[in-house]
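Quick notes on the structure that follows.
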Amino acid sequence: MPAFRSRAGRAAALALVLALTPLSPISPLSPLSPPAPARAAAAPPTGCGFTTLGRLPLSGATTAGAAYDPDAPGGPRVYSVTSSASGPAILGVRDALDGRLVAERPLPRALGSWAVTVTPDHSVYVGSYNAAADAMGRLFRYAPDTETVSELGVPIAGETFVWTVAADGTSVYGGTSPSGRLFRHDTATGETTDLGSPVPGEQYVRDLAVGEDGTVYAGVGAQSMKVAVVKDGTTTAVIEPPIEGHGTAYDLDVVGHHLLVRFATSTDGNPMGVYDLASGAWTDLVDDVDSLTVGGGRHGHQVYLVQHDELVAYDLKTEKITRTGFTDFGGGAARVLGWSGTTLIGTSSTGRIWHYDRKTRRGELLDATLTGQPVSIRSMTVGPDQRIYAGGFFTGGLAAYDPATGESQFWPNVGQSEGMVTHKGKLYLGVYPWARIYEWDGSQPRLLLNLADHEQDRPFAMVSAGDRLAFGTVPKAGTVGGALGLLDPETGEAVIRRNIVPGHSVIGLAHRDGVLYGATSAFGATGVPQDTAAYVFAYDIATDKVLWRTAPVPGDLALGSITFDDRGMLWGLTPDAVFEMDPATGTTLRTARHQTYAWGSQTQVWLDTAITLGSDGRLYGKAQGKAYRIDRATLSFTLIARPISLLLKGPDGHMYLSRNENFHTYRLC
């Protein structure tokens, strides 16, 4: 290992490592804005069957990708892309000095973007994401002289996500997932070339930086955190990271003869490595860096970055950090973009532009001007007040819908809730990243638990288990081994059992008579299944012991949702099968295939099913985007709606369903 000095300190850094299927979000919970006033919806539906309820009031301007052109013909410009639940994403053009909105242009078939760059002729190139077969990860060009967007197609067939783009004088380079590939787009000819995987076996090319000599540096993950050195389209060297563990070389920048790399690790630490390109060695490691960087300041030796949620200056010669005291970035993840004179310009993932003047040492947050876009519904549950609560994807937010009145309400600035449940008269949220558990009192969240030290990220499964709140998690990107957790919200006492099924994530939970029943996925967060089948297990809370473990559907790598029926039998629904089990012994009583599923081609299966017992005695389930009524006697399936992402039994006994931002009900009669 190379020698370097490490700066002490830990902070809650934003490690925005996303993984496809499902996609991922952005920020932790922050102090709340006032809730939006209750909004009257259409009168509650009557009768039987499927009814569309419109949209829940989940919206926001989430801008993961942004770029800056200080020399744009019309004046300095900030370019950012606002994601949308079902598309299209919107490219926003703003005056960098006053935040004024100049233009907004749709990006056809794109859901959002992390990848925006500006070429020397002031063209803006955007790489997007979309998992749909006819959309995938696409490339776009915006011409500021005509204010038009051109769609340049899918750079690499089969790649769903363009994570990063970077430009030199003649080309735009891009990095993708899920196969971790690099491409080059010739800006003169329009020809795009697949350059292959710079580090074979990695899923992500997460960020790119281009040196003055045209050398491309590609940060990869989610296993090795290596940086590939690419010259003339060929990988000539691979720089090993200065730290051990799993994760991603997440942010890269070249300043003079220094390569700066922020590593998003499988724990909550996000160090920045300083690599001397002249000597070929790591020279420093700076702890807990939230984002990178723009050169400037004294003799050009300073770079500005975000550390501990504060803008700081780092001197490349002295390796000292100077705090600025500026922290008002507008929420979410801050991104440093560039200079206008002595003013540093940056953005936030919430769409805000901020300024910091290095001479006056004062900062300013500009007014929001981007148009908010609909947010996908990520999770749903019935709250203690008998309203249906829904959490938003990516930009987060929390909405409530009253089935009795049709009214809805919205709270912004709530992080992405992967799961939620009512326990002992209160609502609890399981929030990404770091598998944070919050208690919600109707106005303000209260953090109860953070599983970053356990390498956990996504608390999909949540259930009330007697006096304790129980949850199951998927681990951080680059790791395997989810956890089963138990928490007493009143005392704060927690029990965390990682690898209760070795290598598996815990994605479904049910509780009865002091026993937790869990369903697993053989996938962690590496894209490689850790087993040949997923399991159901029974865990006795009082004795802290696993009573039994069974693979009810051989060959199925993820099981999903489980529930009890009125006879006390345990039922589960996988992407391709339904099964019934005896909870006392773990014996599988019946299994039936309802459709096919391409297990051999899957890299992650976490959220794909839901199952619940209806008030009419039938089972209702969702799998592979379809909602079904399931006859318990014959195990036959009747399709009731498609496409559907989430299904929930409401407080009125009827089913509530969602797809992207759309909200529906299926009334049982």
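Looking at the range 357-395 only, could you name the residues that are closer than 30 Å to residue 338 by Cα, surrounded by 23 or more Cβ atoms within 10 Å (Cβ to Cβ) and in contact with a Phe, Trp or Tyr (Cβ under 9 Å, 6 or more places away or on another chain)?
Across the range 357-395, the qualifying residue is only 375.
Given the conditions (1) touching a residue at least 60 places away in the same chain (Cβ under 8 Å); (2) more than 22 Å from the chain's Cα centre (by Cα); (3) open to solvent by less than 20 Å² (accessible area, probe 1.4 Å), report the number of the one that residue 93 does not fulfil.
(1)
Criterion first (at pLDDT 95 or above and aliphatic (A, V, I, L, M)) does residue 639 satisfy it?
yes
Counting just the residues of the range 247-281 that are charged (D, E, K, R) and assigned to a strand (DSSP E or B), which one comes out farthest from the chain's Cα centre (by Cα)?
Selected residue: 276.
Take the conditions within 20 Å of residue 456 (Cα to Cα), open to solvent by less than 50 Å² (accessible area, probe 1.4 Å) and either small (Gly, Ala, Ser) or in contact with a strand residue (DSSP E or B) (Cβ under 7 Å, 6 or more places away or on another chain) (or both) and apply them to residue 534. Does it pass?
In short, yes.
I need a count of the residues in the range 620-669 that are outside any loop (DSSP other than H, G, I, E, B) and buried (at least 16 other Cβ atoms within 10 Å of the Cβ).
Number of matching residues: 27.
Of the residues that sit in the range 497-514 and are in a strand (DSSP E or B) and either among the hydrophobic types (A, V, I, L, M, F, W, C) or open to solvent by 20 Å² or more (accessible area, probe 1.4 Å) (or both), which one is farthest from residue 457 (Cα to Cα)?
Here the residue is 512.
Pick out the one residue from 346, 351 that is touching a residue at least 60 places away in the same chain (Cβ under 8 Å), open to solvent by less than 30 Å² (accessible area, probe 1.4 Å) and farther than 22 Å from residue 257 by Cα.
351 is the lone residue from the list that is touching a residue at least 60 places away in the same chain (Cβ under 8 Å), open to solvent by less than 30 Å² (accessible area, probe 1.4 Å) and farther than 22 Å from residue 257 by Cα.
Which members of the range 168-183 meet the condition of being surrounded by 18 or more Cβ atoms within 10 Å (Cβ to Cβ), farther than 20 Å from residue 221 by Cα and either over 26 Å from the mean Cα position of the chain (by Cα) or at pLDDT below 95 (or both)?
Hits for the range 168-183 are 168, 171.
Could you check the range 288-351 for strands (runs of 3 or more DSSP E) lying wholly inside it with 3 or more residues that are closer than 26 Å to residue 89 by Cα, of a type in the set (A, V, I, L, M, F, W, C) and touching a Ser or Thr at 6+ places or on another chain (Cβ under 8 Å)?
Qualifying strands (runs of 3 or more DSSP E): 334-340.
Does any residue of the range 322-342 turn out to be modelled with pLDDT of 95 or more, touching a His at 6+ places or on another chain (Cβ under 8 Å) and among the polar types (S, T, N, Q)?
No - not one qualifying residue is present in the range 322-342.
So, of the residues in the range 364-390 that are small (Gly, Ala, Ser) and at pLDDT below 95, which turns out to be farthest from the chain's Cα centre (by Cα)?
368
Look at the range 250-283 and say how many of its residues are of a type in the set (Ser, Thr, Tyr) and at pLDDT 95 or above.
Going through the range 250-283 one residue at a time, the tally reaches 3.
Only residues that are out of contact with any Phe, Trp or Tyr (no Cβ under 9 Å at 6 or more places or on another chain), on the phi < 0 side of the Ramachandran plot and not basic (Lys, Arg): list them for the range 562-583, please.
566, 569, 582
Could you list all residues from the range 540-551 that are outside any loop (DSSP other than H, G, I, E, B) and within 19 Å of residue 579 (Cβ to Cβ)?
547, 548, 549, 550, listed by residue number.
Please enumerate the residues belonging to the range 558-575 that are without any contact (Cβ under 8 Å) to a residue 60 or more places away in the chain, of a type in the set (Ser, Thr, Tyr) and buried (at least 22 other Cβ atoms within 10 Å of the Cβ).
The answer is 574, and nothing else.
Do we find that residue 418 is surrounded by fewer than 20 Cβ atoms within 10 Å (Cβ to Cβ) and in contact with a Phe, Trp or Tyr (Cβ under 9 Å, 6 or more places away or on another chain) in this structure?
Taking the combined requirement at face value, the residue does not satisfy it.
Can you tell me which of (1) in contact (Cβ under 8 Å) with a residue 40 or more places away in the chain; (2) open to solvent by 10 Å² or more (accessible area, probe 1.4 Å); (3) not charged (D, E, K, R) is the one residue 259 doesn't meet?
Single failed check for residue 259: (2).
For the range 515-525, state whether one or more residues are open to solvent by 10 Å² or more (accessible area, probe 1.4 Å) and part of a loop (DSSP other than H, G, I, E, B).
Looking through the range 515-525, none of the residues is open to solvent by 10 Å² or more (accessible area, probe 1.4 Å) and part of a loop (DSSP other than H, G, I, E, B).
In the range 128-144, is there at least one residue being of a type in the set (D, E, K, R), surrounded by fewer than 18 Cβ atoms within 10 Å (Cβ to Cβ) and modelled with pLDDT of 95 or more?
No, the range 128-144 has no match at all.
Mind checking which residues of the range 186-205 are surrounded by fewer than 24 Cβ atoms within 10 Å (Cβ to Cβ) and assigned to a strand (DSSP E or B)?
Of everything in the range 186-205, those that are surrounded by fewer than 24 Cβ atoms within 10 Å (Cβ to Cβ) and assigned to a strand (DSSP E or B) turn out to be 186, 192, 193, 194.
Regarding residue 247, is this residue farther than 21 Å from residue 346 by Cα, modelled with pLDDT under 95 and either open to solvent by 10 Å² or more (accessible area, probe 1.4 Å) or out of contact with any helix residue (DSSP H, G or I) (no Cβ under 7 Å at 6 or more places or on another chain) (or both)?
yes
Pull up the range 28-79, narrow it to residues that are in a loop (DSSP other than H, G, I, E, B), surrounded by fewer than 15 Cβ atoms within 10 Å (Cβ to Cβ) and modelled with pLDDT under 60, then point me to the one that is farthest from the chain's Cα centre (by Cα).
Ranking the qualifying residues of the range 28-79, first place goes to 40.
Consider residue 477 carefully, then state whether it is under 15 Å from residue 459 (Cα atoms), small (Gly, Ala, Ser) and open to solvent by 10 Å² or more (accessible area, probe 1.4 Å).
In short, yes.
I need a count of the residues in the range 256-308 that are farther than 25 Å from residue 476 by Cβ and touching a helix residue (DSSP H, G or I) at 6+ places or on another chain (Cβ under 8 Å).
1
Do the conditions hold for residue 483, that is, is it at pLDDT below 95, farther than 18 Å from residue 572 by Cβ and touching a strand residue (DSSP E or B) at 6+ places or on another chain (Cβ under 6 Å)?
No; evaluated as a whole, the condition is false for this residue.
Quick one: which strands (runs of 3 or more DSSP E) lie wholly within the range 576-616 and hold at least 2 residues that are modelled with pLDDT of 95 or more and open to solvent by less than 20 Å² (accessible area, probe 1.4 Å)?
Here the list reads 577-582, 609-613.
Applying the selection to the range 429-467, what residues are among the charged types (D, E, K, R), in contact (Cβ under 8 Å) with a residue 24 or more places away in the chain and surrounded by fewer than 23 Cβ atoms within 10 Å (Cβ to Cβ)?
Residues satisfying the conditions are 439, 453, 467.
The values are calculated or read from the model by the stated rules, or taken from the named source; none is laboratory data. Quick caveat, the model's predicted, so the values are computed rather than measured. Because the Cβ atoms are built from the backbone with ideal geometry, glycine has one as well, and the counts that use them run over all protein chains shown. Each accessible area value is taken on the protein alone, full model and side chains, heavy atoms only, with ligands, DNA and RNA left out. Shrake-Rupley method; radii C 1.70, N 1.55, O 1.52, S 1.80 Å.
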